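Have a look at the structure below, then the notes.
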Amino acid sequence: MDPHLHRLPPGPVDLRALTTDDTSGFDGGKSSGKQALAALGDELSDLQERLFAERTTGSGRRVLLVLQGMDTSGKGGVLRHTVGLVDPQGVKITSFKAPTAEERKHRFLWRIRNALPQPGYIGVFDRSHYEDVLIVRVHGLAEPATIESRYDQINEFEAELAAEGVVIVKCMLHVSADEQRARLLARLDNEDKYWKFNPSDVDERAHWGDYRAAYEIALERTNTEVAPWYVVPSDKKWYRNLVIGGLLLEHLRGMALRWPAADFDVDEQRRRLLDEAPVA
C-alpha cells in the first residue's frame with residue numbers, strides 16, 4: 001500500500017468528504033492487514049536502531065510522530081500495535097492532558113518544547129500542541145485573536161524543528177461519530193474497560209460539529225511542506241495501525257540512516273581480544 005495515500009492536499013479541508021472507514025489503500029482484510037503490519041516490524045526495528053546509534057556521532061536527527069484525534073480514535077492502539085514494533089528504549093511517548101498550573105504560567109508551546117525527543121529517538125505525542133487550537137477553540141478557552149495567532153506560531157515552530165533535523169509525521173486519526181459511539185458503548189459493556197470510560201466523552205459528543213470545524217481550520221492552516229498532515233481513516237483499527245506503520249517506515253527510509261563507522265582500529269581491537277591471556 002502507498003502510505004502517502006492519505007496525505008492531505010493543500011487547500012480547504014472538508015472532513016465530511018474524507019471517508020473514515022476507507023481501506024482502499026490495502027488489498028486485503030483485517031487478518032492480512034495485521035500480518036502486513038507485523039511484517040513491517042523487522043525493518044522498522046532495524047531503522048529505529050540505526051537512528052538511535054546515529055546519535056553517538058553527534059547527529060541531531062530524530063522523528064516526531066504527532067497523533068491527534070477525537071476520543072476513541074485510537075491513539076493508544078497505535079502506541080501498542082505500531083510504535084510497539086520498535087525497541088522501547090529508543091522511543092519517548094508524551095501524553096498531553098489539560099495544562100498544569102505550572103504549564104499555564106508559560107506560553108502554550110513551552111510544555112511542548114520540554115517534551116521533544118532527544119536526538120536519536122522516535123518521539124510520540126499522544127495529543128499535542130494542536131489541542132491549543134482545537135479544544136481551546138471549541139470551548140472558548142482563549143481569546144479569538146490569541147487562537148488565530150497560534151497557527152502561525154505552530155508553523156514557525158515546526159519549521160524550526162525540521163531545520164534542526166526533526167522528521168515530523170502528523171496524523172489526524174479520522175473516526176466517525178457512529179464508530180465513536182460504538183466504542184464508548186463497548187467500554188460500558190465490559191467492566192474491564194470501565195476505567196477507560198469518562199462521562200465527559202459523552203458531553204463532548206454534543207460539540208462534534210464544532211470539533212470538526214476546528215480540525216478543518218487547523219488542518220488547512222498548518223498543512224505545510226515540511227510538516228504535512230495525514231488524515232488516517234480510523235474506523236477500522238487494523239487499517240489505521242497499518243497506515244501509520246507504513247508512514248513511519250517510509251519516513252525512516254527517507255532518512256538514509258547508516259550505521260556509524262568505527263572510530264577505532266577494528267583489526268587492532270580484534271587482535272587484542274584474540275591475544276589476551278585467559279580470564280581467570
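The values are calculated or read from the model by the stated rules, or taken from the named source; none is laboratory data. This is a predicted model, so every value here is computed, not measured. When we count neighbours, we look across all protein chains shown, and the Cβ atoms used for this are built from the backbone with ideal geometry, even at glycine. SASA here: full protein model, heavy atoms, side chains in, ligands and nucleic acids out. Shrake-Rupley method; radii C 1.70, N 1.55, O 1.52, S 1.80 Å.
I need the full set of residues from the stretch 116-137 which are farther than 16 Å from residue 207 by Cβ and open to solvent by 10 Å² or more (accessible area, probe 1.4 Å), in order please. Correct list: 116, 118, 119, 121, 126, 127, 132.
Look at the stretch 82-93: where a residue is farther than 17 Å from residue 240 by Cβ and in a helix (DSSP H, G or I) and a partner is at pLDDT 95 or above and of a type in the set (S, T, N, Q), sitting 6+ places away or on another chain with Cβ atoms under 6 Å, you get 90/48. For the stretch 22-37, the tally of residues that are in a helix (DSSP H, G or I), touching a residue at least 24 places away in the same chain (Cβ under 8 Å) and either within 20 Å of residue 169 (Cα to Cα) or open to solvent by less than 70 Å² (accessible area, probe 1.4 Å) (or both) stands at 3. The set of residues in the stretch 62-80 being assigned to a loop (DSSP other than H, G, I, E, B), of a type outside the set (A, V, I, L, M, F, W, C) and buried (at least 23 other Cβ atoms within 10 Å of the Cβ) consists of 73, 74. Among all positions in the stretch 80-99, there is at least one residue which is in contact with a Phe, Trp or Tyr (Cβ under 6 Å, 6 or more places away or on another chain), modelled with pLDDT of 95 or more and of a type in the set (D, E, K, R).
Yes/no matrix, rows are residues, columns are (1) modelled with pLDDT of 95 or more; (2) assigned to a helix (DSSP H, G or I):
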{"residue": "113", "(1), (2)": "yes, yes"}
{"residue": "118", "(1), (2)": "yes, no"}
{"residue": "141", "(1), (2)": "no, no"}
{"residue": "149", "(1), (2)": "yes, yes"}
{"residue": "153", "(1), (2)": "yes, yes"}
{"residue": "157", "(1), (2)": "yes, yes"}
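Please work out which residue is surrounded by the most Cβ atoms within 10 Å (Cβ to Cβ), limiting yourself to the stretch 157-179 and to residues that are in contact with an Asp or Glu (Cβ under 7 Å, 6 or more places away or on another chain) and not aliphatic (A, V, I, L, M). Per the stated criteria, the residue is 179. Among the residues of the stretch 3-21, none qualifies, meaning not one is closer than 22 Å to residue 158 by Cβ, in contact with a Lys or Arg (Cβ under 8 Å, 6 or more places away or on another chain), open to solvent by 40 Å² or more (accessible area, probe 1.4 Å) and at pLDDT below 95. Cβ-Cβ contacts under 6 Å between residues 6 or more apart (or on different chains), taken from a first residue in the stretch 99-118 that is under 19 Å from residue 162 (Cα atoms) to a second residue that is open to solvent by 20 Å² or more (accessible area, probe 1.4 Å), are listed as 111/103; 115/94; 117/62; 117/92.
Output the residue which, of all residues in the stretch 250-265 that are modelled with pLDDT of 95 or more and of a type in the set (A, V, I, L, M), is nearest to residue 170 (Cα to Cα). Out of the qualifying residues, it is 252. Would you pick out the residues in the stretch 40-61 that are among the aliphatic types (A, V, I, L, M) and either surrounded by fewer than 22 Cβ atoms within 10 Å (Cβ to Cβ) or touching a helix residue (DSSP H, G or I) at 6+ places or on another chain (Cβ under 6 Å) (or both)? Those that are among the aliphatic types (A, V, I, L, M) and either surrounded by fewer than 22 Cβ atoms within 10 Å (Cβ to Cβ) or touching a helix residue (DSSP H, G or I) at 6+ places or on another chain (Cβ under 6 Å) (or both): 40, 44, 47, 53.
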